[in-house]
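Below is one structure, written out as structure tokens, with a few remarks after it.
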Amino acid sequence: MPEVKLVGLKKSYGKVTAVNKVNLTVENGEYVTILGPSGCGKTTLIRMIAGIIRPTEGKVYIGGKDMTSVPIEDRDIGYVFQNIALFPHLSVRDNVSYGPRAKDLDQEEQGQISKKYLEMVKLLDKMCMFPSELCGGEQQKVSLARALASGSKLLLLDEPLSALDSRVRVDLRYELRRLSKELGITTIHVTHDQEEAQSVSDRIVLMRAGTVVETGTPEELYVHPRNIFTANFIGETNLLEGWVKEVVGGTSSIELRNGGLVKVAQTNIKPGDAVVISVRPEFVFAANEGMKATITDITYMGTYWRIMASTEDDEEVSFDVTTMDGNSLTIGKELYLAINPKTAVLYPKPEDGVEEAIKLE
Amino acid sequence: MPTVKLIGLKKSFDYINAADGLDLEVHDGEYLCLLGPTGAGKTTALRMISGLLTPDEGQILLDGKDCAHLEVEERKAALLSQTYALFPNLTVEDNILFGLNIRGAAAEVKERVLINMLDLVRLSGRSDAFPFELSGGMQQRTALARALASGADLLLLDEPLRALDARLRISLRVELRSLVKTLKMTAIHVTHDHDEALVMADRVAIIRNGRILQVGTPEEIWDNPATPFVANFVGQCNFFTGEVLENEPYTVLRTKDGMLLKGRPSKLPKGSEAVLGVKIGNTDVSKERSGYMSAKVERIIFEGRNLHCDLMMDNGHRLSAKVPSWKRGKVSVGDKVNVSWEETKGAVFPMPAGGLEQELKVE
Amino acid sequence: MIAVISRKRFRTGWTAFIILFFLLFVILPTVYILSYAVTDWGSIDTYVLNDPEMMEMITNAIIASFEIAGIVTLIDIVVGLPMAWMLVRKDFKGKKFLDTLIDMPLAVPTAALGFSSAIFFAQTDLNVPFALNSITSPLLLIILLHVVFSYPYMVRSLSAILVQIDQTYETAGRTLGASPLAAARTITLPLFRAGLVTGIILCFSRSLSETGGTMIALATMNNVGFATGPTLIGDWKSNLVSNPDLAAPLAFVSILLIILSLILLVVIKLILMKVHLPMGRIWPRPERIFSRGLFPKAKDGLTVFFLVILVLIPSFFIFTYVATATPTSFDWGPFLDSLVYSFLIAGIVTVIDIALGVPMAVYIAKNRTGKISEVLDVLVNVPLIVPTAALGYSLGVFWTGQNLIPTWDVLLIILAHVAFTYPLVVRNVAGAVEEVDPAFEETARTLGAKPIQGFSRVLYPVIKSSILAGAIMAFTRSLGETGATQAVVADAMTAPVYIVTLIRSSDYYVAGLACIVLIIVSYVAMLALRYVTNGRRSN
């Protein structure tokens, strides 16, 4: 059974280290996303799992067997490419049956397999067309069917949706997860899109600069990110700088730049520590007292209004109000903002500053 | 300062109508997003405005004047393409100054504009770098600075954020918009991303098959879509079809299996076939409150601020609902829930001529 | 100035002028001789068709020409494809070095190449150490010689296409369980067809057209009687003054060569693009075995071995000969004169090619969908396909028959050389322009640049290296050309023609020295051209 285990995996190109000693175990049947900004090494990592790139150091185990030096074609994987890579000279059917053909199964069996998987992605009627006659979403579905039809129980998806329109992308990501779970296969999915990662994964592996920053379920990474980079990368957040004034009972009081006070329900810190508070826009609200702020911008987001305000402590804070409450707010209006103490997370102030710690490029 | 007006523009390539009677008005200083799926004719429209394509029929008015006789370089409309098209043999500085160099601007003018622009797009330290040495975001900002510095009054943005990472894209939306606003330029921004359009635009124009379906503020587009396609393209929708029973004070629809569903008031004749669309974000589920129908929760996906719930109705049809994530724990997979929405969030349309499925196709 | 040339009317006029030049100075003279068949059928009937001896000579030469070209192309594919594959798809130490080695014979003028290969392969009484000194069949010798100089063309055109085929396809095939060999065979090769067609046509027509090297090789082995189409034209043209009856046979051979080569071009294209080979099936076990271990290594070893034996040693064997032969005294004067003459011609030809070829290339590349451009694109290939000797003869007849221009020797030679080098520049540059994202120029226009500024500031810097490559190609081809030169002006003394004369009079040592000087000088010229273009960039 195809659980995947990476031990101390490293890849260097000359002096540049693309992936630096990554350890990771993906359980059998699990859907894991490797998430990170461009250049974080996520593509190199999945290519090493597939055997397209040879690691400089470390081992790749698939189904308990050491596969580090096994060639691509003997690893029994299904791989979906970012640029889709359907064979342009073959029809949809022949593309899907390429895997069975590579095993030299007989014609009839090849036909049955390609029918089965094309049906699964609802494209049976496009069987005789050529890739260039399909639109982007359909092409990627065919490419998925092709990968699955090789009979592999390990599916590797390399930014499978990034070439597509955003609307198509949204529909397809639910489809990806459904197929993977229905077939009970292990899936490793690489993406730079945090929303996509949240929608499809059992577990997210967040990478930055060749190393793993944090691993956890979508919920863990959104609600209790252990790292300030994670807090900012997965979902938007407000980062407020300050220092701990006192820790009393279950809450800490944090003093902001110009003296404003914020309470946070986290106590593993001591007075005097420089900290950064992370609080998501949906947990900031207008109240009778709190941070004094002036509204600078209002954006309609469909199901809510996103309000930008600048506080007396020189922080830009964004917060969300429901569509009904939004009508009473105007740019320039002054109000008090409060946060829900249980939803805020504290981080020690990063040495190189907040900006450096959350940098996306 | 420029206004743009397109009147009945037509353009076809090999029998495909990329523009099929395009009418659109862009106000002075406005940020307009042209939103539509791939192949809708967004880029064609932009290229006709810039003069890179000549329309088969129709007129383009820049500042009220027909510009058919104007060459590309005379239109003062700078194009920022998807790939940025930074000149690979020029440094950031020379790229930004390209427009001024062409016109042979004085050295001190160039100096001043350069410093301004570098400051504006936060690239002051990188003026000697070549494009290939920059990250994607920096390249995008250089291209923007080059367009801004050219002295154009009209900015044509062709999917300017598409090549960037998803997270970076979100951060740059606000930045790009405020830059354009600061310089008081008119901008037409082409995109396929409805979130981007909602966040950035003063007004959104929805385009499909070479025609404009609707123009309006983000609020109008979201809350009062003109067609089922618009409703579904700008945020997913649940759709129901049925017969109109009432149209005042709200529309009541009776589905085939007898459900009575409510939506906004309409002028649809009683007894006619109609479609009701409710954004999944406006679809609520509850175990306690009553609703229009009951359904079983098949799957719940945690998406940060929301939970995405896939539901199976008793009649075998599927629906989705996006509810705030503080509701997690209150609904779980396998639960029987009641599905409801506010009447004002139900958009009602006459049944489209080609059927609903055809109408909703996004590709 | 910029304002004037940016006007629409000026631009249209300029385009018309470029196209007119191409049609009048390149295409029309190239195929003009075909009209001879209509106007002077009588003399063809008398001097050729009713002269069995003449007919046999012509038929034999033409058959030999096509036989040689066919076999040479086949050999080139068999030994060139693995080499192209290695250069594009594999990473190994010394790859850069190998890459340069392959290009080296391209810079050696074919006259020098002919002499060098002949003394290596053919049985002669020169007693050069290490020479194979064994081949007695003129047919075989010419085949080997043509492989030597067409091999780099084949490898280059194959690898140019191979680079463009996304390797992801092959990787995708392998993730689906196909062995490297199976993936290459079922995925990359079918996608590769277009490249194969270009390579085949290029090699075939180069071999069909080659004159100087062939003449020299035949003379080196003291051959009498064996001739190819182009050598026949060369020989007859030099005797035309003393024997005017040869005009009809000359025209006839030229017409045959032109028509047959054009027909062949069409046939090759049709066959290769239309016929599907039943290669879909995969044999997992045997193909895996051939994909791994000893087989690929043996294949690569053989590929390099062929390169050395069939191409590199024969190309530069002349150095061994000159180093070991007994020196004879020699008057450098006439040779240096011919060298200057050749350089002058090649220089002017290159300048004309660039000045008028680049705009043509830009026009073709930018109007791909237009009908005119489509026709031009096909026509541009015609002078490349037509054997240069036939082209030269046709061009000579055309210009001497009109009173449009003075018929100075040097002018006629220049026009002939322009006719067959012009397409090289156009194709090279058009290919490069097509690869440049049009967004560059479009963006420049929206930033306020006039069309000419868009070209000079944006497009030109990007395609400069391709223009340089085109210029080098045109220059070396002109420098090494014998067939067209002889066919247009019988007693023209360009350097390659002079070397032919030396060998015919058995001045082997002197010919050898002349060859080496020619090789060195053309290398230096190439380097200088590169230096000049690079130097301008840094300013």
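The values are calculated or read from the model by the stated rules, or taken from the named source; none is laboratory data. Fair warning: this is a prediction, and the values are worked out from it, not measured in the lab. A quick note on method: Cβ atoms are made from the backbone with ideal geometry, for glycine too, and the neighbour counts reach across all protein chains shown.
A few notes on this one:
- Annotation: of all residues in the stretch B:258-313 being outside any loop (DSSP other than H, G, I, E, B) and of a type in the set (Ser, Thr, Tyr), the one that is nearest to the other protein chains (Cβ to nearest Cβ) is B:Ser286.
- Exclusive hit being surrounded by fewer than 23 Cβ atoms within 10 Å (Cβ to Cβ) and touching a Lys or Arg at 6+ places or on another chain (Cβ under 8 Å), set C:Leu447, C:Leu529, C:Leu513, C:Leu468: C:Leu468
- Some residue of the stretch A:150-162 being at pLDDT below 90 and within 14 Å of chain B (Cβ to nearest Cβ): yes
- In the condition set (1) within 30 Å of A:Ala50 (Cβ to Cβ); (2) in contact with a Leu (Cβ under 9 Å, 6 or more places away or on another chain); (3) not hydroxyl-bearing (Ser, Thr, Tyr), A:Leu256 is compliant with all but (1).
- Subset of the stretch A:260-309 [within 14 Å of chain B (Cβ to nearest Cβ) and assigned to a loop (DSSP other than H, G, I, E, B)]: A:Arg280, A:Met301, A:Gly302, A:Thr303
- Matching residues, the stretch C:343-372, being among the polar types (S, T, N, Q) and under 23 Å from C:Lys464 (Cβ atoms): C:Thr350, C:Asn367
- Close contacts from the stretch B:230-244, counting a first residue that is under 8 Å from B:Lys279 (Cβ atoms) and within 14 Å of chain A (Cβ to nearest Cβ) and a second that is buried (at least 20 other Cβ atoms within 10 Å of the Cβ) and among the charged types (D, E, K, R), with Cβ to Cβ under 6 Å and a gap of 6+ residues or different chains, come to B:Gly235/B:Lys279; B:Cys237/B:Lys279.
Every residue, every condition in (1) in a helix (DSSP H, G or I); (2) more than 10 Å from every other protein chain (Cβ to nearest Cβ); (3) of a type in the set (A, V, I, L, M, F, W, C), yes or no:
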{"residue": "C:Asp437", "(1), (2), (3)": "no, no, no"}
{"residue": "C:Gln453", "(1), (2), (3)": "yes, no, no"}
{"residue": "C:Val458", "(1), (2), (3)": "yes, no, yes"}
{"residue": "C:Ser465", "(1), (2), (3)": "yes, yes, no"}
{"residue": "C:Ala471", "(1), (2), (3)": "yes, yes, yes"}
{"residue": "C:Thr476", "(1), (2), (3)": "yes, yes, no"}
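- Residue check for C:Pro423: within 14 Å of chain B (Cβ to nearest Cβ), on the phi < 0 side of the Ramachandran plot and assigned to a helix (DSSP H, G or I): no
- Candidates are the residues of the stretch B:103-122 that are surrounded by 19 or more Cβ atoms within 10 Å (Cβ to Cβ) and at pLDDT 90 or above; the one that is farthest from the other protein chains (Cβ to nearest Cβ) is B:Leu118.
- For the stretch A:3-83, the strands (runs of 3 or more DSSP E) that sit wholly inside it and include 3 or more residues that are of a type outside the set (A, V, I, L, M) are A:4-13, A:16-26, A:57-62.
- Criterion applied to B:Leu100, B:Leu79 was being crowded, with 19+ Cβ neighbours inside 10 Å and either modelled with pLDDT under 90 or in contact with a Leu (Cβ under 7 Å, 6 or more places away or on another chain) (or both), and the one residue passing it is B:Leu79.
So that you can scan it fast, the table gives a plain yes or no per residue for (1) buried (at least 19 other Cβ atoms within 10 Å of the Cβ); (2) within 7 Å of chain A (Cβ to nearest Cβ); (3) within 21 Å of the chain's Cα centre (by Cα); (4) over 17 Å from C:Pro82 (Cβ atoms):
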| site | (1), (2), (3), (4) |
| --- | --- |
| C:Glu170 | yes, no, no, no |
| C:Gly177 | yes, yes, no, yes |
| C:Pro180 | yes, no, no, no |
| C:Arg193 | no, no, yes, yes |
| C:Leu208 | yes, no, yes, yes |
| C:Thr211 | yes, no, yes, yes |
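- Residue within the stretch C:114-134 that is in contact with an Asp or Glu (Cβ under 7 Å, 6 or more places away or on another chain), in the same structural domain as C:Ile309 (by TED's automatic domain parsing) and in a helix (DSSP H, G or I) present: no
- Residue check for B:Leu32: assigned to a strand (DSSP E or B), over 24 Å from A:Gly136 (Cβ atoms) and of a type in the set (A, V, I, L, M): yes
- Wholly enclosed strands (runs of 3 or more DSSP E) of the stretch A:310-361 bearing at least 2 residues more than 19 Å from B:Arg305 (Cβ to Cβ): A:334-339, A:345-348
- Hits in the stretch B:123-133 (condition: within 13 Å of chain A (Cβ to nearest Cβ) and either in a loop (DSSP other than H, G, I, E, B) or hydroxyl-bearing (Ser, Thr, Tyr) (or both)): B:Leu123
- Within the stretch A:103-117, one or more residues are modelled with pLDDT under 90, within 14 Å of chain C (Cβ to nearest Cβ) and touching a Pro at 6+ places or on another chain (Cβ under 7 Å).
- Selection of the stretch C:179-235 for residues being of a type in the set (Lys, Arg) and not in a helix (DSSP H, G or I) yields an empty set.
- Residues (among the small types (Gly, Ala, Ser) and without any contact (Cβ under 8 Å) to a residue 24 or more places away in the chain) located in the stretch C:478-535: C:Ser505, C:Ser506, C:Ala528, C:Gly535
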